[in-house]
Amino acid sequence: MVSAAARVTTSVAMSGSQKILGRSAAPRRLHTMQAMRPGASFRGNLLAFGSRPSGARVRLSLQTMQTRAESSSSSGGGGADTAEKEFDFDLFTLGAGSGGTRASRMSAANHGAKVAVCELPFGFVSSDAIGGAGGTCVLRGCVPKKLMVYAAAFPKEFRESRGFGWDTPEEAHIDWPKFMTKKKDELRRLNGVYNRMLNNAGVTYIEGRGKLIDEHTVDVDGKQYTAKNILIAVGGRAVKPPIEGAEHAMTSDEILEIEEVPKKLIVVGAGYIALEFACIFNNLGSQVDVFIRGDGVLRGFDKEICAFVAEEYQRNGLRIHYGTSPTKIEKTDAGVRVTADRKTEGGGKAPFSQEADHILLATGRKPNTKNLGLESIGVDMDDKGAIKVDEFSRTNVPSIYAVGDVTDRINLTPVALMEGMMFARNVFGDQADAKPAYDNVASAVFTSPQIASCGLTEEEAVQQCGDLKIFTSTYRGMRATISGDEGKGFIKLIVAKDTDKLVGAHLVGPEVGEIMQGISVAMKMGVTKKQLDSTVGIHPSSAEEIVTMRDTTREVSAVEWHKEHGQKTTEDNARKM
């Protein structure tokens with residue numbers, strides 16, 4: 001903690017065109033930061049991509065500078081050569097999504113840093129000029145998608161209700177414009193929530209596009225701001241593959257704003273984004289064709305889970321075309337025509353075409369690092385444009401950090417939140433060893449049926465943990481016995497044989513994301529199979545299956561697995577969990 005005499009003081013000069021956010025429609029809007037309270041602590045200057053009011057400066061007393069110089073050596077914030085320099089902000093964050101907002105709020109409110117954030121103006125479909133506080137997850141990702149998942153679940157609920165005696169109509173129709181209006185209202189509300197959270201934490205919010213000028217300077221639409229440290233949290237963006245006519249296709253951004261439920265939809269991609277939208281519109285009654293280049297769904301997930309859920313998708317009506325790669329998209333009077341190459345049984349290719357109202361290209365996302373000025377100041381990036389960082393989210397430039405999808409580590413909102421929190425604690429708090437932990441990060445895929453996973457796949461576990469015990473269970477929920485639903489659930493537990501630790505858990509079925517959150521806590525604490533077996537289940541529930549799976553389905557020998565896959569078993573790939 002520093003004394004009141006040592007705290008940062010600010011003087012803010014506002015140009016005539018700059019007004020407080022909410023009172024002006026000028027291109028750049030600004031939230032002024034609350035005065036730093038007496039006794040607040042800080043450990044360095046950090047600049048988050050954004051802007052500050054024209055003329056705002058930070059004036060540091062000698063005692064403050066000494067405090068910062070000492071803390072800088074332990075936290076690494078800003079580099080040793082910045083201790084005697086004057087900066088506008090301690091932190092300037094580029095991007096007000098999940099990671100950027102968390103890092104900025106915690107740095108300011110919990111650790112007394114002077115923080116600014118810059119973010120593009122709010123909008124529903126992202127572009128070089130459109131963004132908004134809340135970022136991808138809140139505005140064009142997790143939240144609007146989950147609202148669509150809820151909307152699309154009702155036809156199945158109506159059908160199953162008849163099995164329980166409800167006299168529901170055979171045909172029920174959704175008022176799509178009404179739903180979309182309510183969805184947009186909710187996103188506007190959440191955008192406002194994020195703005196208020198930043199303002200209440202004392203963070204200066206600057207609307208505009210930020211670009212790095214040097215390692216301590218950010219330009220926002222012609223105005224420059226300095227900071228001891230800069231945090232890049234600009235996320236990622238959906239990209240289209242290089243297909244002729246790709247301009248006629250939608251990305252995940254556009255399909256979230258679709259004006260009506262299509263009668264026919266083509267989805268290209270095998271990842272969770274592609275399959276979530278495929279299931280949403282299939283449940284809403286669209287004919288959905290899924291084009292997949294390879295021979296399976298959900299690369300990176302446990303293969304046994306993928307095979308099981310692919311059958312469930314098809315049982316529910318998805319038309320999956322494996323070995324199919326689009327080569328051309330044409331606009332027609334009715335919608336689009338897609339030409340593709342399809343693999344034949346002999347290993348060759350045969351032409352294939354399909355018409356639909358719309359086509360969704362959901363084949364990938366990339367870090368949103370274009371035109372940020374990173375190359376000019378020497379920030380290292382990989383071939384995808386992702387910013388390279390160390391275990392503390394530091395780049396190779398000492399004053400510049402990065403969190404979230406822009407680093408392409410684990411691209412999940414809760415992970416970005418964790419990275420932002422650890423950043424604030426490490427740079428501005430008293431935890432020089434604070435860093436993100438990526439073990440046992442749970443995730444869910446909101447398809448029909450849902451998937452939830454935590455820990456290692458079987459393929460990963462045998463390489464990292466050695467011999468395994470595998471426990472599986474296929475079940476049909478109690479509700480389905482009366483509703484008539486033919487769908488099934490699946491549970492897979494992966495246990496390291498020599499330690500008895502649960503190293504992987506994978507579930508398929510209704511609401512398994514809710515179940516997995518509790519399992520992930522247990523796995524984080526090192527739960528063993530013996531401890532699961534000693535746990536009393538909740539009856540009747542699907543979750544009780546997890547603590548009643550007593551019999552081993554099969555054992556996996558690491559030696560035999562490596563022989564089969566042409567790999568050598570070594571100490572390095574037999575890490576014990």
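The values are calculated or read from the model by the stated rules, or taken from the named source; none is laboratory data. Model, not experiment: these values are computed from the prediction. For neighbour counting, all protein chains shown are included, and Cβ atoms are generated from backbone atoms with ideal geometry for every residue, glycine included. Surface areas here come from the heavy atoms of the whole protein model, side chains and all, with no ligands, DNA or RNA. Shrake-Rupley method; radii C 1.70, N 1.55, O 1.52, S 1.80 Å.
Would you mind telling me which numbered condition in (1) in a strand (DSSP E or B); (2) small (Gly, Ala, Ser); (3) in contact with a Lys or Arg (Cβ under 7 Å, 6 or more places away or on another chain) Ala227 fails?
(3)
Could you please tell me which pairs satisfy a Cβ distance under 8 Å, a separation of 6+ or placement on different chains, a first residue in segment 499-517 that is without any contact (Cβ under 8 Å) to a residue 40 or more places away in the chain, and a second residue that is surrounded by fewer than 24 Cβ atoms within 10 Å (Cβ to Cβ)?
If the second residue must be surrounded by fewer than 24 Cβ atoms within 10 Å (Cβ to Cβ), the pairs left are Asp500/Thr528; Asp500/Lys529; Asp500/Lys530.
Restricting to segment 388-409, name every residue that is of a type outside the set (Lys, Arg), closer than 23 Å to Arg299 by Cα and touching a helix residue (DSSP H, G or I) at 6+ places or on another chain (Cβ under 9 Å).
Across segment 388-409, the qualifying residues are Gly404, Asp405, Val406, Thr407.
Can you tell me which of (1) at negative phi; (2) surrounded by 24 or more Cβ atoms within 10 Å (Cβ to Cβ) is the one Asp128 doesn't meet?
It fails just one condition, (2).
I need the helices (runs of 4 or more DSSP H) fully contained in segment 245-324, keeping only those with at least 2 residues that are under 20 Å from Ala152 (Cα atoms) and among the charged types (D, E, K, R).
On the way: elements: 252-255, 272-283, 303-315.
Per the criteria, 252-255, 303-315.
Which one is nearest to Ala434 (Cα to Cα), of the residues in segment 363-390 that are of a type in the set (Ser, Thr, Tyr) and under 20 Å from the mean Cα position of the chain (by Cα)?
As a first pass, look at segment 363-390 and keep what is of a type in the set (Ser, Thr, Tyr): 363, 369, 376.
Next cut, under 20 Å from the mean Cα position of the chain (by Cα) only: 363, 369.
Values: Thr363: 35, Thr369: 26 Å.
Within segment 363-390, the match that is nearest to Ala434 (Cα to Cα) is Thr369.
Between residues in segment 132-161 that are on the phi > 0 side of the Ramachandran plot and among the acidic types (Asp, Glu) and residues that are open to solvent by less than 20 Å² (accessible area, probe 1.4 Å) and in a helix (DSSP H, G or I), which pairs lie under 7 Å by C-beta distance while being six or more apart or on different chains?
Taking only residues 6 or more apart or on different chains, not a single pair turns up.
Hey, among Lys492, Lys469, Lys435, Lys530, which residue is open to solvent by 10 Å² or more (accessible area, probe 1.4 Å), in contact (Cβ under 8 Å) with a residue 60 or more places away in the chain and either among the basic types (Lys, Arg) or assigned to a strand (DSSP E or B) (or both)? Can you show your working first?
On the way: Lys492 fails: open to solvent by 10 Å² or more (accessible area, probe 1.4 Å); Lys435 fails: in contact (Cβ under 8 Å) with a residue 60 or more places away in the chain; Lys530 fails: in contact (Cβ under 8 Å) with a residue 60 or more places away in the chain.
Of the residues listed, the single one that is open to solvent by 10 Å² or more (accessible area, probe 1.4 Å), in contact (Cβ under 8 Å) with a residue 60 or more places away in the chain and either among the basic types (Lys, Arg) or assigned to a strand (DSSP E or B) (or both) is Lys469.
From Ile515, Ile519, Ile546, which residue is part of a helix (DSSP H, G or I) and touching a Cys at 6+ places or on another chain (Cβ under 9 Å)? Give the derivation first.
Details: Ile515 fails: touching a Cys at 6+ places or on another chain (Cβ under 9 Å); Ile546 fails: touching a Cys at 6+ places or on another chain (Cβ under 9 Å).
It is Ile519.
If you check Ile410 against the conditions, is it within 20 Å of Lys211 (Cα to Cα), at pLDDT 95 or above and of a type in the set (Val, Ile, Thr)?
Details: within 20 Å of Lys211 (Cα to Cα): no; at pLDDT 95 or above: yes; of a type in the set (Val, Ile, Thr): yes.
No; evaluated as a whole, the condition is false for this residue.
What number of residues within segment 162-172 are without any contact (Cβ under 8 Å) to a residue 24 or more places away in the chain and open to solvent by less than 40 Å² (accessible area, probe 1.4 Å)?
1
Please enumerate the residues belonging to segment 464-485 that are touching a strand residue (DSSP E or B) at 6+ places or on another chain (Cβ under 8 Å) and of a type in the set (Val, Ile, Thr).
The answer is Ile470, Thr472, Thr474.
In segment 393-410, what residues are open to solvent by less than 60 Å² (accessible area, probe 1.4 Å) and of a type outside the set (D, E, K, R)? Break it down into steps so the answer makes sense when it comes.
We begin by selecting, within segment 393-410, every residue open to solvent by less than 60 Å² (accessible area, probe 1.4 Å); these are 393, 395, 397, 399-408, 410.
Ser393, Thr395, Val397, Ser399, Ile400, Tyr401, Ala402, Val403, Gly404, Val406, Thr407, Ile410 - these are the residues of segment 393-410 that are open to solvent by less than 60 Å² (accessible area, probe 1.4 Å) and of a type outside the set (D, E, K, R).
Check whether at least one residue in segment 440-450 is farther than 30 Å from Tyr475 by Cα, of a type in the set (A, V, I, L, M, F, W, C) and touching a strand residue (DSSP E or B) at 6+ places or on another chain (Cβ under 7 Å), and report yes or no. It would help to see each step written out before you state the result.
In the first step, residues of segment 440-450 are kept if they are farther than 30 Å from Tyr475 by Cα; the result is none.
There is no residue in segment 440-450 that is farther than 30 Å from Tyr475 by Cα, of a type in the set (A, V, I, L, M, F, W, C) and touching a strand residue (DSSP E or B) at 6+ places or on another chain (Cβ under 7 Å).
Select from segment 173-189 the residues that are hydrophobic (A, V, I, L, M, F, W, C) and open to solvent by less than 30 Å² (accessible area, probe 1.4 Å) and list them in ascending order.
Restricting attention to segment 173-189, the residues satisfying the condition of being hydrophobic (A, V, I, L, M, F, W, C) are 174, 176, 179-180, 187.
Those that are hydrophobic (A, V, I, L, M, F, W, C) and open to solvent by less than 30 Å² (accessible area, probe 1.4 Å): Trp176, Met180, Leu187.
Using beta carbons and a limit of 6 Å, which pairs, at least six apart or on different chains, have the first residue in segment 93-104 and part of a helix (DSSP H, G or I) and the second one at pLDDT below 95?
Hits for this filter: Ser104/Ala48.
Do you know which residues across segment 338-392 are open to solvent by 60 Å² or more (accessible area, probe 1.4 Å), touching a Gly at 6+ places or on another chain (Cβ under 8 Å) and either under 30 Å from Asp214 (Cβ atoms) or outside any loop (DSSP other than H, G, I, E, B) (or both)?
Arg342, Lys343, Glu355, Arg365, Lys366, Lys370, listed by residue number.
Check Ile230, Ile206 and return the single one that is touching a Cys at 6+ places or on another chain (Cβ under 6 Å), within 21 Å of Met106 (Cα to Cα) and open to solvent by less than 20 Å² (accessible area, probe 1.4 Å).
Working: Ile230 fails: touching a Cys at 6+ places or on another chain (Cβ under 6 Å).
None of the other options fit; the residue is Ile206.
Tell me which of these Val512 doesn't satisfy, since it passes every other one: (1) under 30 Å from Tyr313 (Cα atoms); (2) at pLDDT 95 or above; (3) touching a Gly at 6+ places or on another chain (Cβ under 6 Å).
Checking Val512 against (1) under 30 Å from Tyr313 (Cα atoms); (2) at pLDDT 95 or above; (3) touching a Gly at 6+ places or on another chain (Cβ under 6 Å), the one that fails is (3).
Could you pull out the residue among Val261, Val288, Val309 that is under 23 Å from Val143 (Cα atoms) and either surrounded by fewer than 20 Cβ atoms within 10 Å (Cβ to Cβ) or in contact with a Pro (Cβ under 8 Å, 6 or more places away or on another chain) (or both)?
Numbers: Val288 fails: either surrounded by fewer than 20 Cβ atoms within 10 Å (Cβ to Cβ) or in contact with a Pro (Cβ under 8 Å, 6 or more places away or on another chain) (or both); Val309 fails: under 23 Å from Val143 (Cα atoms).
Going through Val261, Val288, Val309 in turn, the sole match is Val261.
Mind listing whichever residues of segment 312-337 are aromatic (Phe, Trp, Tyr) and open to solvent by less than 40 Å² (accessible area, probe 1.4 Å)? Show your work before the answer.
Filtering segment 312-337 for residues aromatic (Phe, Trp, Tyr) gives 313, 322.
The answer is Tyr313, and nothing else.
Spot the failing condition for Ile320; the list is (1) touching a residue at least 60 places away in the same chain (Cβ under 8 Å); (2) of a type outside the set (Lys, Arg); (3) closer than 30 Å to Lys384 by Cα, and only one is missed.
(1)
Specify which of the listed residues (Ile387, Ile377) is of a type in the set (Val, Ile, Thr) and in contact with a Ser or Thr (Cβ under 9 Å, 6 or more places away or on another chain).
On the way: Ile377 fails: in contact with a Ser or Thr (Cβ under 9 Å, 6 or more places away or on another chain).
Among Ile387, Ile377, only Ile387 is of a type in the set (Val, Ile, Thr) and in contact with a Ser or Thr (Cβ under 9 Å, 6 or more places away or on another chain).
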